[in-house]
Amino acid sequence: MQLTEGDKRRIGNWKWRMQHLYKIKTKEAELKQLTFNPIQQHISSYINLWNYHLFLKARQEGISTFCETWHLDGTMFIPNTNTCILADSRENLQGLFEIIRLAYETCPEAVQLESGDIWYKPKAKYDNRFELSFDGIKSTIYVALKVRSKTVHRLHISEWAFIEHAQKKLTATMQAVPKSGIITGETTANGFDGSFHLEWENENSRFWKHFYGFQDHPDYLDPVEDEAAFRQTLTSDERVYLTRPNMKLGNILWMRRHLSIAANRKEFKQEYPSIAEEAFLTSGRSPFDREKIMDWMIREPIETRMEERLRIWVKPQKDHRYLVCCDAASGRGVENLDQEDAKEGGTDYTAIGVLDIDTMQLVALFRGKWPYATTHRVQYDLGKEYNTAYLVTEATDHGLTILNNLTDRTDYPKHMIHSVESVDTKSKAITKKWGFYTNLKTRPLILDRLAILIEEEGIIVHAKKVQSECLRFIIDEDGDMHAMEGFHDDTVMMLAIAVYTRDAALKAGRMTATKAELGLKWM
């Protein structure tokens with residue numbers, strides 16, 4: 001088929017085809033020609049520049065409709081193409097296929113070309129309830145809960161964050177897509193405890209990530225008659241919203257109207273986020289203020305050592321006092337692995353943090369696998385480097401090995417190693433035990449202390465791993481506090497122990513301070 005320049009701009013142009021050949025059902029249940037809204041128009045400007053795209057969105061912005069119609073068009077116009085639309089649940093199979101079926105059935109049977117030729121719509125047969133097969137061009141598009149063919153050239157993942165066992169399912173699914181294939185995924189957020197959030201956080205992800213907040217869609221914009229007067233009515237929270245990208249006063253007015261209905265308030269940030277981070281905040285009940293955690297100034301360390309297991313944000317400062325806290329790996333657990341954890345091999349980790357007890361800033365963090373027999377050297381070296389810091393080690397599992405090595409095989413000052421005193425129930429003698437003991441009594445105490453500091457913005461953290469673990473730390477139905485299933489809390493417990501033992505560190509520091517350091521005159 002010979003195409004003139006005019007034909008190339010029309011039938012040879014997928015953007016033209018999408019807005020002239022296919023119809024959709026609108027929110028008002030009307031059948032209309034697909035016309036790109038501002039978000040769809042923006043997506044169309046870059047979607048062909050890369051083969052892998054991930055969309056995080058507010059509700060009903062037309063991204064799913066765009067992606068499905070785009071994949072249908074590619075299937076109809078590129079012979080020998082297998083396309084799969086992966087649904088998040090059985091209940092949504094019909095709705096997703098209806099978008100495809102409607103677009104296909106409303107497409108004209110033929111289009112007269114400028115050249116005199118005629119383009120004929122590929123004839124489809126419905127091989128099953130949720131599949132269209134185009135025998136003439138040997139292409140297929142189907143909606144399913146899992147990939148059915150060995151090779152999928154185009155894959156769209158609908159509501160990724162809501163797919164059960166997504167990490168396992170999608171690993172197998174994506175293996176069916178060749179390197180030259182196309183993968184798109186879109187979803188509203190569903191908390192921190194899934195593969196979508198892991199992929200969104202993955203800095204080395206192959207996906208080009210795009211976020212569209214509610215303020216990017218014209219449906220979520222109310223007219224403001226007197227902008228100056230309306231500005232005077234803004235609350236402090238609304239003023240914060242107004243600083244976010246593309247946010248307009250009309251969006252604030254729409255939000256205010258929407259939130260005036262009590263039923264709309266609970267999941268507003270998840271369903272209508274204005275920034276990507278906000279979308280994930282509604283997963284599980286947390287003992288910590290997640291919004292305060294999201295406000296932490298996460299940044300890259302100024303130095304890394306030990307194959308990036310040790311990360312340093314601030315070097316030792318003269319006259320500053322430090323605490324080096326160690327939560328030793330237990331060797332137990334299975335988890336959802338992010339790129340950093342996968343490199344280490346999974347299971348539990350040793351976390352050693354350096355806390356500036358003057359500024360309450362976490363200035364360095366070691367996290368990873370290390371032989372238990374030599375882990376004490378990591379803590380020892382950090383303690384020496386940071387002005388002979390106060391050392392705290394959790395006295396459980398392999399932490400006892402670290403403590404024994406610290407106290408028996410190093411010259412570290414004993415008064416700068418944390419210990420507790422207990423009374424023997426029989427002899428009534430006072431005995432000293434090295435380390436910090438986390439038990440049913442102390443665990444809620446240390447976590448409550450950390451929660452208060454987070455709430456009062458009394459702690460400074462730059463480590464993304466600490467932020468991630470704190471966000472995934474929850475209170476379950478029984479009232480127990482722990483990491484979400486499959487995730488870690490090594491750095492959370494390390495930080496909680498560190499802030500709880502700060503007073504002991506200050507006391508130990510005062511015991512060794514010189515009169516000059518304390519501002520006293522020699523007598």
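Some notes on this structure:
- Taking first residues from region 223-237 that are among the acidic types (Asp, Glu) and partners that are surrounded by 10 or more Cβ atoms within 10 Å (Cβ to Cβ) and modelled with pLDDT of 95 or more, the Cβ contacts under 8 Å between residues at least 6 apart in sequence or on separate chains come to Glu227/Leu249.
- Tally, over region 132-143, of residues that are surrounded by fewer than 19 Cβ atoms within 10 Å (Cβ to Cβ) and either within 36 Å of the chain's Cα centre (by Cα) or among the acidic types (Asp, Glu) (or both): 1
- Remark: pairs (first residue in region 133-145, of a type in the set (Phe, Trp, Tyr); second residue assigned to a loop (DSSP other than H, G, I, E, B); Cβ separation under 8 Å; 6+ apart in sequence or on different chains) = Phe134/Pro122; Phe134/Lys123; Phe134/Ala124; Tyr142/Phe130; Tyr142/Arg148.
- Residue, farthest from Gln2 (Cα to Cα), within region 64-121, restricted to residues that are basic (Lys, Arg) and more than 31 Å from the chain's Cα centre (by Cα): Arg101
- Being of a type in the set (Ser, Thr, Tyr), over 26 Å from Thr69 (Cβ atoms) and either modelled with pLDDT of 90 or more or not assigned by TED's automatic domain parsing to the domain that holds Lys57 (or both) is true of Ser236.
- Scanning region 347-373 for residues that are over 17 Å from Glu308 (Cβ atoms) and at pLDDT below 95 yields Thr347, Asp348, Pro371, Tyr372, Ala373.
- Taking the criterion of being of a type in the set (Asp, Glu), more than 23 Å from Ala373 (Cα to Cα) and at pLDDT 75 or above, the residues of region 302-342 that qualify are Glu303, Asp319.
- Test: residue in region 130-148 that is over 30 Å from Leu249 (Cβ atoms) and in contact with a His (Cβ under 8 Å, 6 or more places away or on another chain): yes
- Checking each residue in region 175-205 for being part of a loop (DSSP other than H, G, I, E, B), in contact with a helix residue (DSSP H, G or I) (Cβ under 8 Å, 6 or more places away or on another chain) and hydroxyl-bearing (Ser, Thr, Tyr) picks out Thr188, Ser205.
- Given (1) in contact with a Phe, Trp or Tyr (Cβ under 9 Å, 6 or more places away or on another chain); (2) not assigned by TED's automatic domain parsing to the domain that holds Phe268, index of the condition Val224 fails: (2)
- A residue that is within 20 Å of Gly12 (Cα to Cα), assigned to a strand (DSSP E or B) and touching a strand residue (DSSP E or B) at 6+ places or on another chain (Cβ under 8 Å) can be found somewhere in region 153-170.
- Residues considered: Gly509, Gly519, Gly458, Gly435. Of these, the only one that is modelled with pLDDT of 95 or more and within 22 Å of Asp319 (Cα to Cα) is Gly458.
- Each residue in region 127-152 was checked for being of a type outside the set (S, T, N, Q) and part of a loop (DSSP other than H, G, I, E, B), and 12 of them qualify.
- Residue in region 80-100 that is among the aromatic types (Phe, Trp, Tyr) and in contact with a Pro (Cβ under 9 Å, 6 or more places away or on another chain) present: no
- Candidate set from region 314-326 (those that are of a type outside the set (A, V, I, L, M) and touching a Leu at 6+ places or on another chain (Cβ under 9 Å)); member that is nearest to Tyr349 (Cα to Cα): Cys326
- Residues satisfying the stated conditions in region 105-131, i.e. touching a helix residue (DSSP H, G or I) at 6+ places or on another chain (Cβ under 9 Å) and free of Cβ contacts under 8 Å to residues at least 60 places away in the same chain: Lys121, Pro122, Ala124, Tyr126, Arg129, Phe130, Glu131
- Subset of region 39-61 [surrounded by 14 or more Cβ atoms within 10 Å (Cβ to Cβ) and outside any loop (DSSP other than H, G, I, E, B)]: Ile39, Gln40, His42, Ile43, Ser44, Ile47, Tyr52, His53, Leu54, Phe55, Leu56, Lys57
- Listed by position, the strands (runs of 3 or more DSSP E) contained in region 427-503 that have at least 2 residues being touching a helix residue (DSSP H, G or I) at 6+ places or on another chain (Cβ under 8 Å) are 481-483.
The values are calculated or read from the model by the stated rules, or taken from the named source; none is laboratory data. Keep in mind the model is a prediction, meaning the values are calculated, not measured. Cβ coordinates were reconstructed from backbone atoms using ideal geometry, including for glycine residues, and neighbour counts include every protein chain displayed.
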